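The values are calculated or read from the model by the stated rules, or taken from the named source; none is laboratory data. Every value quoted in this text rests on a predicted model; they were computed, and no experiment measured them. Here the Cβ positions follow ideal geometry from the backbone for every residue, glycine too, while neighbour counts run over all protein chains shown. Heads up: the accessible areas ignore ligands, DNA and RNA and are worked out on the full protein's heavy atoms, side chains in. Shrake-Rupley method; radii C 1.70, N 1.55, O 1.52, S 1.80 Å.
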Amino acid sequence: MRLPKRFSLFLIIILIISNLLIGCQKENLKTVRLVEVTHSVFYAPQYVALTKGFFEEEGIKIELTNGKGADKSMAALLSNQADIGFMGPEASTYVYNQGKKDYAINFAQLTQKDGSFLIGREKDPDFSFEKLKGKTILGGRKGGVPEMTLEYVLKKHGLEPGKDVNVRTDIQFSMMAGAFTSGEGDYTTLFEPTASMMEKEGKGYIVASIGKEGGYIPYTVYCAKKSYIEKNPDIIQGFTNAIYKGMLWVQNHSSEEVAEAIQPYFPDADKELLITVIDRYKEQDTWKPDPVLTKEGLDHLMHIMELAGELDKRAPYDKIVTTKFAKKAVESSRR
């Protein structure tokens, strides 16, 4: 049935107005420069929030960059090259203890386990940590959470770094996979999907999960400078809301659905590999159920930092952490 000309014209006008409104909404989005410590499936809820439009729903446009390490990511934040940083809370602890007036404050937590895996050169279904005696592990940057958690796990198994096992900290985080495949070290620790991709290529094999061995740790959090939070509370709240939506979406969807959602951010990883990685992370309870960074959690991390000899003085929880944005995000989702 042919529509009357007037009605057709009306529909065209409505479509034009709708497109204009959508265009205006996109133009009105506030740009937030987010620097992530590394690019990994470990941060799946963040990429879900990006691909599902949760940030746009909060009036935010994200410009994402890879900081390639917590030290570089924090440097970008402090030098105003980024608005929000995503890294371990150890970085903000160091900054506060240096006496910075405009220090970084952590406002939302995403992961609650270490996301790295111990990689060996051969398949070893009967692996035990005793096999690491006299071996060399590429452990990452000294003072970073991955390296400190590795040391914590080694000590838990009765191995003293520097005595029973050599933990190398002279290779940059982003260069560890390449160094290992070129023959450096007997073992290395890697995040996903790099670990599984290396296994698929036969260049290394996962022998243990550092996340399972390390237990609960407030591993990766979002932070911003004190001045930025004070000037932009609405942006911080909207950002936290979007991240929490991503967290809930991951909790309530299958690994296959999560893999489909984050695939645009991992074009070199096939879907089946992503599903395997997500299953692995879900199985070890990697993602926190809510974004609230607790005092108990931060105290545990600082204890690990002290064991690693990287912390002489603890930073006050109420100075480097704010929970009001995370708690409000949780409360809003329940309405």
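The heavy atoms of Leu307 offer some 80 square angstrom of accessible surface to a 1.4 angstrom probe. For the stretch 199-230, trypsin sites (Lys or Arg not before Pro) are listed when DSSP marks them as loop and at most 16 other Cβ atoms sit within 10 Å of their Cβ; the list is Lys203. Shown for the stretch 191-329 is the translational diffusion coefficient from the Stokes-Einstein equation, using the Kirkwood radius over Cα pairs, a temperature of 20 °C and a viscosity of 1.002 mPa s: 123 µm²/s. Once both labels are positioned 7 Å from their Cα atoms along Cα-to-Cβ, the gap between Glu63 and Asp124 label points is 4.5 nm.
Using a simple spin-label model with pseudo-atoms 7 Å out from Cα toward Cβ, Lys135 and Lys295 lie 4.1 nm apart. When the pairs Lys61/Lys295; Lys100/Lys313; Lys226/Lys288; Lys113/Lys135 are compared against a 19 Å limit on Cα-Cα distance, Lys61/Lys295; Lys226/Lys288; Lys113/Lys135 fall above it.
Once the C-beta distance of Glu256 and Lys156 is scaled by a Förster radius of 22 Å, the resulting FRET efficiency is 0.05 to the nearest 0.05.
Once each of the GluC sites (Glu not before Pro) sitting in a DSSP loop with at most 14 other beta-carbon atoms within 10 Å is removed, the chain keeps 202-335 as its longest stretch. Across the protein chains, with a 1.4 Å probe defining accessible surface, the residues Met197, Met305 rank Met197, Met305 from largest area downward. Taking 1.002 mPa s as the viscosity and 20 °C as the temperature, the Stokes-Einstein diffusion coefficient of the chain based on its alpha-carbon Kirkwood radius rounds to 101 µm²/s. Applying 1/(1 + (r/R0)^6) with r as the Cβ-Cβ distance of Lys52 and His303 and R0 = 30 angstrom yields a FRET efficiency of 0.25.
If R0 is 35 Å, the Cβ-Cβ spacing of Gln263 and Asn97 corresponds to a FRET efficiency of close to 0.30. Computed per residue of the chain from DSSP H runs no shorter than four, each worth -39500 (n - 2.57), the mean residue ellipticity at 222 nm is -13500 deg cm²/dmol.
Of all aspartates and glutamates in the structure, those lying under 20 Å Cα to Cα from Lys123, and not within fewer than 8 positions of it along the same chain, are Glu184, Asp186, Glu192, Glu199, Glu201, Glu213. From the square roots a ≥ b ≥ c of the eigenvalues of the alpha-carbon gyration tensor of the stretch 247-335, which class results: rounded (a/c under 1.5), prolate (a/b over b/c), or oblate? It comes out oblate by the Cα gyration axes. Calculate log10 I(q)/I(0) of the stretch 116-214 for q = 0.14, 0.16, 0.22 Å⁻¹, where I(q) comes from the Debye formula with a single equal point scatterer on each Cα and nothing for solvent. For the requested q values the scattering log ratios are -0.43, -0.58, -1.18. Please work out the C-alpha center-to-center distance from the stretch 277-299 to the stretch 90-126 and express it in whole Å. Rounded to whole Å, the Cα centres lie 12 Å apart.
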